[in-house]
Amino acid sequence: MTGKRQIPINNHETPRDAAQGGGARPDTGRAGAHAGQGHAAKAAGGAEARGLQARLDALDADLGRLAAERDALTEERDSLLGERDGLAAERDELADALLRLRAEFDNYRRRATRESFETRDRAQCDLLADLLPVLDNLERALDAAEHHEEGKVLDGVRMTRDMFVDLLARTGVEEISGVGAQFDPQVHEAISVQPSEHEEGTVAAVLERGYRQGERVLRPGRVVVSAGPGGGAQAGPGGGA
């Protein structure tokens, strides 16, 4: 009996594998390396994605803040524009009021000037009308003098004087105090200083009567000032002793 050679059978090895590698196992180390690189790449991609998302969130926050600032600035601008318009309207109103006030003042000034001229003209006319009777009496006195009627001349001159004094009194004009009054340089003009029976410093004689209207001196009285009884005579600023 001839003996037969037995060949062991490996159920996990195919004839093709046996032909290629003589039953060698695949390289599991290289496959693990590739797997590790994949996990690392995936982890890096996730970190980068999270970083991008964080940047996007920050940008969104900045955009929101800028939008809020824009809205605030827009509101402030609108408020300033409204305030400017209000001030412009107020300025226009004040300018119109100023123009009206200036026009009213010009009208008032013209009216006051016109009324002042009219008042002065009326006062002059009234004064001249009051002076006409005085002129009439003077003409009568002159006519009487031409006919040698001395009594009528004297009466006419006296009447004319009385009418003129009355006219001055009706216009507020009064005579400045004379003899016996205390000398007052505001209303008197001293012509000389002479001894007299009057007290020293009083008016001893009136050379020219003075007149005043209220507080205004129309003409100072030219007087002689008393040096008292037995006083020496002195020349005043307006004339000799």
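The values are calculated or read from the model by the stated rules, or taken from the named source; none is laboratory data. Since this is a predicted model, take the numbers as computed values, not measurements. In this analysis, Cβ positions are derived from the backbone assuming ideal geometry, glycine residues included, and neighbour counts consider all displayed protein chains.
Residue count for the stretch 125-167 under the criterion of being surrounded by fewer than 13 Cβ atoms within 10 Å (Cβ to Cβ) and not in a helix (DSSP H, G or I): the result is 2. For GLY231, the criteria (1) at pLDDT 85 or above; (2) touching a Ser or Thr at 6+ places or on another chain (Cβ under 9 Å) hold in every case but one, which is (1).
Checking the conditions here, which among ARG170, ARG222 is among the charged types (D, E, K, R), crowded, with 16+ Cβ neighbours inside 10 Å and under 29 Å from LEU128 (Cα atoms)? Write out each step before concluding.
On the way: ARG170 fails: crowded, with 16+ Cβ neighbours inside 10 Å.
Answer to the check: ARG222.
Right, VAL206: among the aliphatic types (A, V, I, L, M) and over 25 Å from CYS125 (Cα atoms) or not? Taking the combined requirement at face value, the residue satisfies it.
Note on the stretch 144-189: residues that are in contact with a Ser or Thr (Cβ under 7 Å, 6 or more places away or on another chain) and free of Cβ contacts under 8 Å to residues at least 40 places away in the same chain total 3.
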